[in-house]
1. Helix-only estimate, please: 222 nm mean residue ellipticity of the chain, summing -39500 (n - 2.57) across DSSP H runs of length 4 or more and dividing by its residues, to the nearest 500.
2. Rounded to whole Å and ordered largest first, report the semi-axes of the equivalent ellipsoid of segment 1-74 derived from its Cα gyration tensor (root of 5λ).
3. Evaluate E = 1/(1 + (r/R0)^6) for VAL135 and LEU160, where r is the Cβ-Cβ distance and R0 equals 22 Å; express this FRET efficiency to the nearest 0.05.
4. Taking the Cα-to-Cβ direction at SER153 and at GLN97 and moving 7 Å from each Cα, how far apart do the two end points lie in nm?
5. Could you calculate the FRET efficiency of ALA65 with LEU42 from 1/(1 + (r/R0)^6), where r is the beta carbon distance between them and R0 is 25 Å, rounded to 0.05?
6. Contour minus end-to-end for GLU128 and MET80, with contour as 0.36 nm per residue of separation and end-to-end as the Cα-Cα distance?
7. What part of the accessible area of the chain, given as a whole %, is carbon or sulfur when the probe is 1.4 angstrom?
8. Mean Kyte-Doolittle hydropathy of 0.5 or higher plus an axial Cα length of 27 Å or more: which whole DSSP H helices in the chain meet both?
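The values are calculated or read from the model by the stated rules, or taken from the named source; none is laboratory data. Computed from a predicted structure; not experimentally measured. Note that we place each Cβ from the backbone using ideal geometry, even for glycine, and neighbour counts take in every protein chain shown. Remember, those area values only see protein heavy atoms, side chains included, never the ligands or the DNA or RNA. Shrake-Rupley method; radii C 1.70, N 1.55, O 1.52, S 1.80 Å.
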Amino acid sequence: MRASKDQDRAWGALMRLAQQGDEAAYARLLGEIVPLLKAVALKRRCPSDMAEDLVQDTLLSVHSARHTFDPTRDFLPWLMAIFRYRLMDRLRGDYRQKAREIVTDPQSETFLSHPANKVPDRLEQAEELARALEVLSPGQRRALELMKLEGLSLKETSALTGTSIATLKVTVHRAMQKLRK
């Protein structure tokens, strides 16, 4: 689609009205330039989804820069300059994105038929935990069971055991250190 000199003048007049606050003229202008922008994007061999994004980016830029339009000059060169800048921004962004991507060959991935690490069953885990808890004092064991295994808060554990929150914090910390050793 090509715009004629008459079309350029008409769009310039609509933009002047839009600059003066005429919303209907502005809506009409945007509606009329969309097919031109799509045609130019497709002529530049942009994929259809990129062409749609490019048209939207251009419309947003026109909206942001509408105050910079000089009513004494032609509209179309101003519009096409914005379009070219948005196209270059889009191409630069795509280039940067492709430069950061790594293409892998799916055939190079291998998977073992059996897991490399044997996952212990729940019974073994429970027995191991019980053995580990035996090294703790009864107070440490109770505090750890309530807070870490049952998921109670410090406040709830303090109420159940009759121990202060500060003491519970120290007790649980020391119990965890003992278990790590």
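1. -22500 deg cm²/dmol
2. For segment 1-74, the ellipsoid semi-axes come out as 23, 14, 10 Å.
3. The value I calculate is 0.45.
4. Those two pseudo-labels are separated by 4.5 nm.
5. Efficiency computed from Cβ-Cβ geometry: 0.60.
6. Length gained, GLU128 through MET80: 10.0 nm.
7. 54
8. Long hydrophobic helices here: 23-43.
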